[in-house]
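Single-structure report; data block below.
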Amino acid sequence: MPKPEKTFRIGPCSASVFVNTPKAKDKARSFRSVSLQRRYKSGDTWKSATSFGLSDLPAAIAVLQMAMTHVASKEAEFGKQEESF
């Protein structure tokens, strides 16, 4: 399983940013995707879920905003690199 480039956490909610680089004929173009999850404990075992209750939503929104800012800054860096060629 690939490791995330960056993970943002608030309470039980986390947003992980992954870099994907598909194979292309002419040039490699990376893009990022974000995975959102909520951790919880069931007995002695930690588990993950992708559904959120009302009380989880503020933290979920906050980590998604942090992930969006990170991805946007990386995209801006990529745009500057393309302009210099």
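Throughout, read-outs are computed from the coordinates displayed, never taken from laboratory work. The structure presented is a predicted model; accordingly, all values stated were derived computationally and were not measured. Methodologically, a virtual Cβ is constructed for each residue, glycine included, from the backbone with ideal geometry; neighbour enumeration extends over all protein chains shown.
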Principal-axis tilt of helix 57-83 within the chain, Cα atoms, nearest 10 degrees
10
Quick one: the Cα spread of the chain along its three principal axes, in angstroms, biggest first?
54, 25, 15
Show me the ranking of peptides 38-49, 15-26, 64-75 by mean Cβ neighbours inside 10 Å, starting with the highest.
64-75, 15-26, 38-49
Return the calculated 222 nm mean residue ellipticity for the chain, to the nearest 500 deg cm²/dmol, obtained by summing -39500 (n - 2.57) across DSSP H runs with n ≥ 4 and dividing by the residue count.
-11500 deg cm²/dmol
Residue by residue through the stretch 2-8, what is 3J(HN,Hα) from phi via Karplus (6.51 cos²θ - 1.76 cosθ + 1.60, θ = phi - 60°)? Round to whole Hz and write x for glycine and proline.
x, 8, x, 5, 7, 10, 10
Between L54 and A24, the two model label points (7 Å from Cα along the beta-carbon direction) sit apart by a distance in nm of 4.5
